[in-house]
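A short worksheet on the structure shown next.
The values are calculated or read from the model by the stated rules, or taken from the named source; none is laboratory data. Worth saying up front: this structure is predicted, and the values here are computed from it rather than measured. Glycine gets a Cβ as well: all are built from the backbone with ideal geometry, and neighbour counts include every protein chain shown. Note: accessible area is taken over every heavy atom of the protein model, side chains too, but ligands, DNA and RNA are not part of it. Shrake-Rupley method; radii C 1.70, N 1.55, O 1.52, S 1.80 Å.
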Amino acid sequence: MFLATVHFTQQRECILRQLTAEVDSPVPIEIEEIQDGFVTFVLRAGSHADSFQTALAAADHVKHVQRLDADNLLVTKPSCGAYSAIYRNHGTLRRSNTISGRQREYNVLVFRREDLRAIIDDLEGFGTVTLGKLKRFRAGSDSALTDRQREVTTEALARGYYDWPRKITNERLAEELGISRATLHEHLRKAERTLLSAALTDRPEQTAGGQFAPTES
């Protein structure tokens, strides 16, 4: 299993590209759900929340926009292609990803190098891709999870929550686990943060330039 940082220059027109083109620093995005061609995410808009919300609400193709608090928006819109390319090739987005105009940075977890290569090939169909850091994700990193976090993440994985397309929605998974959607997300995010923290302290196999390190025997 590998954790890769993928730098992507988006060539397709996208409302997020328009919104963030004049913003001084990259805008974080946290993915909530990808289903039926639509992506739901939290946009960490900060001081731009008012203008972003107005523009998103006025866009015909944006399915939903909700103000969560002073700085953050919950948005549902059609995927411009990048998220679908990652998930249909068995990748999973991790951590907060960022967008700045045409420039995107995705942190992707994949099981095999072949999956990562397929993701890059797909993305190159509508943009330019550079592979940044590539690190091996150690399977034993889940030892720091609480029993409840391990239980929830195991059930999420077993029931297809991390498959593409998803085999179960977050609402249904929360219902079957007997917890609220907010509690489900809290357990999953904390577990993912723990696993990522462990993975990111590993020795990188490759740090820049887009070349794959040799596979270990």
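Which members of segment 145-171 meet the condition of being among the basic types (Lys, Arg) and within 22 Å of Arg193 (Cβ to Cβ)? Break it down into steps so the answer makes sense when it comes.
So the first thing to find is which residues in segment 145-171 are among the basic types (Lys, Arg), and the list is 148, 150, 159, 166-167.
Of everything in segment 145-171, those that are among the basic types (Lys, Arg) and within 22 Å of Arg193 (Cβ to Cβ) turn out to be Arg148, Arg150, Arg159, Arg166.
Considering each residue of segment 23-40 in turn, none proves to be assigned to a helix (DSSP H, G or I) and without any contact (Cβ under 8 Å) to a residue 60 or more places away in the chain. All of Leu43, Leu19, Leu3 fail the test of being crowded, with 20+ Cβ neighbours inside 10 Å, in a helix (DSSP H, G or I) and of a type in the set (A, V, I, L, M, F, W, C), apart from Leu19.
Have a look at Ala70, Ala57 and point out the one that is open to solvent by 20 Å² or more (accessible area, probe 1.4 Å) and part of a loop (DSSP other than H, G, I, E, B). Exactly one residue qualifies, and that residue is Ala70.
Every condition in (1) under 23 Å from Ile34 (Cα atoms); (2) at pLDDT below 75 holds for Thr154 except the one numbered (2). Flag set for Phe52, criterion: more than 28 Å from Arg112 (Cα to Cα), buried (at least 19 other Cβ atoms within 10 Å of the Cβ) and aromatic (Phe, Trp, Tyr).
Do you know which residues across segment 34-64 are of a type in the set (Val, Ile, Thr) and farther than 23 Å from Ile86 by Cβ? Give the steps one after another, and end with the answer.
Initial filter on segment 34-64 (of a type in the set (Val, Ile, Thr)): 34, 39-40, 42, 54, 62.
Scanning segment 34-64 gives a single hit, Thr54.
Can you name the residue in segment 55-83 that is touching a residue at least 40 places away in the same chain (Cβ under 8 Å) and small (Gly, Ala, Ser) and is also farthest from Thr98 (Cα to Cα) among such residues? Walk me through how you get there before you give the answer.
Quick first cut of segment 55-83, residues touching a residue at least 40 places away in the same chain (Cβ under 8 Å) only: 55-56, 59, 61-62, 74, 77-83.
Those still in the list that are small (Gly, Ala, Ser) too: 55, 59, 79, 81-82.
Numbers: Ala55: 19, Ala59: 21, Ser79: 15, Gly81: 15, Ala82: 13 Å.
Looking at the filtered set, the residue picked out is Ala59.
Take the conditions (1) modelled with pLDDT of 90 or more; (2) surrounded by 17 or more Cβ atoms within 10 Å (Cβ to Cβ); Asp121 misses just one of them, which is (2). Restricting the search to segment 80-111, which residues are modelled with pLDDT of 85 or more, farther than 18 Å from Tyr161 by Cβ and not in a strand (DSSP E or B)? Residues satisfying the conditions are Cys80, Gly81, Ala82, Ala85, Gly101, Arg102. Say whether the condition of being aromatic (Phe, Trp, Tyr) and open to solvent by 30 Å² or more (accessible area, probe 1.4 Å) is met by at least one residue in segment 6-16. Checking segment 6-16: not a single residue is aromatic (Phe, Trp, Tyr) and open to solvent by 30 Å² or more (accessible area, probe 1.4 Å).
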